[in-house]
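Below: the structure, in structure tokens.
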Amino acid sequence: MDSGKSNRNTEATTDAQLWQAIVEGQTEAFGVLYDRHASLVFGIAVSVLGNTQEAEDLTQDIFVKLMGDSPYDPQRGSLRTFLAVLTRSRAIDRLRSRQRRSRQSQRLQRDAATSPPSDLAPLDMASQQEKGQDIQEAMATLSQQQQQVLELSYYEGLTQSAIAKQLSLPLGTVKSRARRGLLRLRQAIEKRRG
């Protein structure tokens with residue numbers, strides 16, 4: 001009977017009260033907020049991204065940000081509105097990033113097809129093309145976040161600090177994604193050549 005009373009009390013608790021509890025270190029309040037708003041965040045992410053895996057990743061990122069260094073201020077509006085705006089914004093950022101990567105890939109393929117013959121011997125050219133294909137296939141095995149960090153670093157030449165700023169992520173998160181991505185990339189390439 002106590003648990004029913006507790007559930008009713010939790011349901012009656014406002015988001016602002018739960019947020020204050022989180023600020024005061026009561027981590028169980030976060031679970032209640034997550035249960036209340038995860039479907040909203042996920043729904044917006046799916047509608048913008050059109051991909052359930054990316055939407056799940058974004059939902060997790062949004063709630064991690066909420067627990068971390070969130071700029072949410074209950075005085076400025078409801079948590080539901082804040083999460084909706086934040087999710088839509090981040091989903092659009094990811095969509096643009098995906099489109100930019102697609103354009104870059106198409107440009108690289110077009111450039112490779114129209115580039116003048118090199119001074120390399122045919123065997124060396126074939127070897128380089130094979131390595132490039134190995135890398136592309138290995139990149140496809142990485143998570144969306146790892147691909148994003150590595151592509152910004154290697155294709156756009158951004159530093160990890162610049163990537164963290166551009167993606168609004170903590171520097172440690174960017175470093176960890178880059179490190180794990182590179183390890184998985186190496187393992188995937190070694191497995192293909194195995």
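In a fully extended conformation the segment linking ARG101 and ARG80 would gain 4.4 nm over its present Cα-Cα distance, using 0.36 nm per residue.
For the stretch 142-154, the Karplus equation 6.51 cos²θ - 1.76 cosθ + 1.60, evaluated at θ = phi - 60°, returns couplings of 7, 5, 4, 5, 5, 4, 4, 5, 5, 5, 5, 6, 8 Hz by residue, with Gly and Pro reported as x. Of the peptides 149-160, 53-64, the ranking by mean beta-carbon count within 10 Å, highest at the top, reads 53-64, 149-160.
Computed from the coordinates by the stated procedures, all read-outs in this text should not be read as laboratory data. Everything numeric here is computed off the predicted structure, so don't read it as measured data. Glycine gets a Cβ as well: all are built from the backbone with ideal geometry, and neighbour counts include every protein chain shown.
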